[in-house]
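Any read-out appearing in this document is the output of simple, stated calculations on the displayed coordinates, not a laboratory observation. All values derive from a computational prediction rather than experimental measurement. Cβ coordinates were reconstructed from backbone atoms using ideal geometry, including for glycine residues, and neighbour counts include every protein chain displayed.
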Amino acid sequence: MATFTATAAQTNSSGFFLSPPKYNEKGVQARTVQYIPTVAESAGDVWNVLVIPKGAVVLDGYVQVAGHTGGNGTFAVGDSGAAARFGSLSYSVSGVLRFTQGLGYSYSADTVIQISNASVTTGTATGTVRLCITYAFDQAADGNSGSN
């Protein structure tokens, strides 16, 4: 079990994100990140992939596994508060998880989105894992994204 952190979720020695979350009060923001494993994954591994800013309401998202030759298991997509907040994906060589839950969730603080290995039957260091997430801002901080 190990924790890996993508560049999009890394912080400097002062705790500031190297790739800060995108704040945009109007409209929808899309963020994507790609992870290419360098070591065979194990059950319990956590990948900190990107930061969602305070006030963001998740509208949609997906995870794609491609070219994962020889490996299979289950990924969960969420955050430190709920490892599978947005769902889970069983994969072998490839697969796509469209967020099936957690849509409309509003973040009250900058939060790191995580992909975790809920289970691994055969670990591999091949392939690519991509995450795309879209969000807008809850300007009223009450779960309704409308503005006056």
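Determine, for each peptide in 29-41, 106-118, the mean count of other beta carbons within 10 angstrom over its residues, then list the peptides with the highest first.
106-118, 29-41
How long is the gain from Gln101 to Ala83 if the chain were fully straight, where each residue apart is worth 0.36 nm and the alpha carbon distance is subtracted?
Full extension from Gln101 to Ala83 adds 5.3 nm.
Hey, rough spin-label estimate for Thr32 and Ser92, points 7 angstrom out along Cα→Cβ, what's it come to in nanometres?
If labels sit at Thr32 and Ser92, their model points lie 2.7 nm apart.
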